[in-house]
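The values are calculated or read from the model by the stated rules, or taken from the named source; none is laboratory data. All of these numbers come straight from a predicted model, not from anything done at the bench. A quick note on method: Cβ atoms are made from the backbone with ideal geometry, for glycine too, and the neighbour counts reach across all protein chains shown.
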Amino acid sequence: MELNTRGRVPVFLRMALEEEIRKITSGMTFKQPHSDERAHLSVFGQSLPIPSQKKSEDEYEESIAYEEEEIEESVFKCPWCVVRIIKGSIEGPNANVSVLMGVEFGIFDDDLSNQGSDDINNLIWKVYERFSKDPLLANQYTCECNFDFALQEEDTYPYFFGVITMNFTYPGIQRESGGMYT
């Protein structure tokens, strides 16, 4: 399904990048917690989904541990990717829009060799490789190819997390001549 992202606004940039991440990772599968099956990366925009509310209102009052479990359900329901708009800037009238985007990954790998960070590095590298070879996204957003990436600092075995950030630019709104503000 091709998205209509022709509006040149940050949200459409994010949606186009989400779709591109799905294409980049389409041939990859990852382990799932509590399952022997492998799964494709689930890609989300701006944040992970809110966990489903499975208990009745009376059961909510019973335990704080349940709330912690619900938060964990969302963060640790791997494999996932979140594409985020981090910040943007427009330097003045008729200037390009510049948007810093973050692509975050979370995977599960319970192999005792504790090398799940290799999968995170591979995901980061696929994004870097894609935009280094062709910086144009959806025929209208240009990756400036200034990449930063990081892995989680703590030992989070069997869950592994990482992020790559990159800046995109596209033409901003142009002033109209002859109007009331000229």
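List the number of the failed condition for residue 135; all other conditions in (1) surrounded by 12 or more Cβ atoms within 10 Å (Cβ to Cβ); (2) of a type outside the set (D, E, K, R); (3) touching a residue at least 12 places away in the same chain (Cβ under 8 Å) hold.
Going through (1) surrounded by 12 or more Cβ atoms within 10 Å (Cβ to Cβ); (2) of a type outside the set (D, E, K, R); (3) touching a residue at least 12 places away in the same chain (Cβ under 8 Å) one by one, residue 135 breaks only (3).
Looking only at the stretch 32-48, which residues are under 17 Å from residue 11 (Cα atoms) and either modelled with pLDDT under 90 or of a type outside the set (Ser, Thr, Tyr) (or both)?
Start the filter on the stretch 32-48 by keeping residues that are under 17 Å from residue 11 (Cα atoms), which leaves 43-48.
Within the stretch 32-48, 43, 44, 45, 46, 48 meet the criteria.
Quick check: is even one residue across the stretch 114-121 in contact (Cβ under 8 Å) with a residue 24 or more places away in the chain, part of a loop (DSSP other than H, G, I, E, B) and surrounded by fewer than 15 Cβ atoms within 10 Å (Cβ to Cβ)? Give the derivation first.
Let us first name the residues in the stretch 114-121 that are in contact (Cβ under 8 Å) with a residue 24 or more places away in the chain, namely 114, 116-117, 119-121.
Restricting the remaining residues to those that are part of a loop (DSSP other than H, G, I, E, B) gives 114, 116.
Still in the list and also surrounded by fewer than 15 Cβ atoms within 10 Å (Cβ to Cβ): 114.
The answer is yes; a qualifying residue exists.
Would you call residue 98 surrounded by 11 or more Cβ atoms within 10 Å (Cβ to Cβ), in a helix (DSSP H, G or I) and at pLDDT 95 or above?
Values: surrounded by 11 or more Cβ atoms within 10 Å (Cβ to Cβ): yes; in a helix (DSSP H, G or I): no; at pLDDT 95 or above: yes.
Taking the combined requirement at face value, the residue does not satisfy it.
Restricting the search to the stretch 65-89, which residues are at pLDDT below 95 and either of a type in the set (Ser, Thr, Tyr) or part of a strand (DSSP E or B) (or both)?
Of the residues in the stretch 65-89, the ones at pLDDT below 95 are 65-78.
If the condition is that a residue be at pLDDT below 95 and either of a type in the set (Ser, Thr, Tyr) or part of a strand (DSSP E or B) (or both), then 66, 74 are the ones that fit.
Being polar (S, T, N, Q) and in contact (Cβ under 8 Å) with a residue 40 or more places away in the chain is the filter here, so list the residues in the stretch 138-150 that pass it.
Of the stretch 138-150, the ones polar (S, T, N, Q) are 139-140, 142, 146.
140 - this is the single residue of the stretch 138-150 that is polar (S, T, N, Q) and in contact (Cβ under 8 Å) with a residue 40 or more places away in the chain.
So which residues in the stretch 151-180 are buried (at least 17 other Cβ atoms within 10 Å of the Cβ) and either in contact with a Lys or Arg (Cβ under 6 Å, 6 or more places away or on another chain) or among the hydrophobic types (A, V, I, L, M, F, W, C) (or both)?
Of everything in the stretch 151-180, those that are buried (at least 17 other Cβ atoms within 10 Å of the Cβ) and either in contact with a Lys or Arg (Cβ under 6 Å, 6 or more places away or on another chain) or among the hydrophobic types (A, V, I, L, M, F, W, C) (or both) turn out to be 160, 161, 163, 164, 166, 168, 170.
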